[in-house]
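To start, the structure under review is shown below, and the notes come after it.
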Amino acid sequence: MSDKPLTVYEDMKSKGYSRRDFIKFCGMMAAFIGVASTGVSKVVKALESKSRMPVVWFHFQECTCCSESFIRSSHPMVADILLDNISLDYTQTLQAPAGYQAEKSLQDVMKNFKGQYLMLVEGSIPTGDDGVYCCIAGKSAIDIVKEAAKDAKAVIAWGNCASHGCVQGAKPNPTGAQPVHKVISGVPLINVPGCPPIAEVMAGVIVHLLAFDRIPQLDGLKRPKEFYSRRVHDTCYRRPNYDAGLFVQTFDDENAKRGYCLYKMGCRGPVTYNACAVIKWNNGVSYPIQSGHGCIGCSEANFWDNGPFYQHLASFPGFGIETTADKIGVVAGIATAAGIAAHAITTNIRKGKEIKEEIKESDHSQKEDNV
């Protein structure tokens, strides 16, 4: 029996997945990470030939919802395949060993795979009072993060806690909670915000690293553009109602039953960047807005401090002369009425000119006949 590590495909075969299952998985992941259909073969080739990537997965100030999201993905291969096809050598929540054995696993990875292992972080980092609010194996979270990040190939900050600080970092922030990017530097870092992130988004980021051996293209906040380049508002199926000025006023009114826009109920979709409306949750079944609840902006920084969740924003940029949702219907109505009136006036003027021209031509013809 060979000691050579199994590739992703070989491991899938050993678990009973067919070649067809493997190709479908590659196609799905390629679509999620924005690879054109012609690039699916690159994903297939990479997962056929590459062995497992060493991974250390840390948990600090958080509720473990990111792990829950990932391992409970409705797609059977997302967690099953990826958790086994990254060499998850250390994870404080899912690992079997404890105490000395667990910490030895971490030290072995950092020693034997310098510059090769992937570091995943779930939870914010408490920096107040020398980091005493979160200690593991006699070390503070801040010291653990700095030590592990130093020789990592890349760092992924899972969820709003690790990306932005989340509820722990909300005012008054008694533990001095900070996101990962404010604690470390000098290593490629990817923020995958959300509370929690969508499982397929998490999987897509890992597959991109496995397939292309580099981090995906990021925006200014270090988020993967393939998942965070558009607002929830831009792809929301209720967007036409927003444009028409049709809003839910209370959660139990007739407008709610009709599926009108939830902006006035506090929906943060217009200022939240995420793929919720595209990928959705539970195997693409639904997402909060489709379930009748407005977006709370959980993938944005400081969303806990951005005002009451059920009070709509006073205004937001990006819609020209439209300043608030309250005025949209009026503006649209006035614009429509003005457009109709202008069209009618223009038509009448044009028709008047045509009639005058016809009269002139008729008079001219009559004069010629008389001559």
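The values are calculated or read from the model by the stated rules, or taken from the named source; none is laboratory data. It should be emphasised that the depicted structure is a prediction, and the values quoted were computed from it without experimental measurement. All Cβ positions, glycine included, derive from the backbone under ideal geometry; neighbour counts span all protein chains shown.
Tabulated values for the structure
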quantity: Residue check for LYS171: touching a residue at least 24 places away in the same chain (Cβ under 8 Å) and not in a helix (DSSP H, G or I); calculated: yes
quantity: Some residue of the stretch 293-300 being touching a strand residue (DSSP E or B) at 6+ places or on another chain (Cβ under 6 Å), assigned to a loop (DSSP other than H, G, I, E, B) and at pLDDT 85 or above; calculated: no
quantity: Subset of the stretch 210-219 [surrounded by fewer than 18 Cβ atoms within 10 Å (Cβ to Cβ) and of a type in the set (A, V, I, L, M, F, W, C)]; calculated: PHE212, LEU218
quantity: Conditions (1) in a loop (DSSP other than H, G, I, E, B); (2) outside the structural domain of GLY27 (by TED's automatic domain parsing): number failed by ALA256; calculated: (1)
quantity: Sole residue being in contact with a Leu (Cβ under 6 Å, 6 or more places away or on another chain) and buried (at least 23 other Cβ atoms within 10 Å of the Cβ), chosen from VAL155, VAL207; calculated: VAL155
quantity: Filter result for the condition that a residue is free of Cβ contacts under 8 Å to residues at least 40 places away in the same chain and of a type in the set (Phe, Trp, Tyr), over TYR260, TYR310; calculated: TYR260
quantity: Members of the stretch 132-161 that are in a loop (DSSP other than H, G, I, E, B) and under 19 Å from LEU218 (Cα atoms); calculated: ALA152, LYS153
quantity: When residues of the stretch 89-142 are limited to those that are crowded, with 16+ Cβ neighbours inside 10 Å and charged (D, E, K, R), the one farthest from GLU68 (Cα to Cα); calculated: GLU103
quantity: Residue within the stretch 183-202 that is in the same structural domain as LEU120 (by TED's automatic domain parsing), buried (at least 20 other Cβ atoms within 10 Å of the Cβ), modelled with pLDDT of 95 or more and in a helix (DSSP H, G or I) present; calculated: no
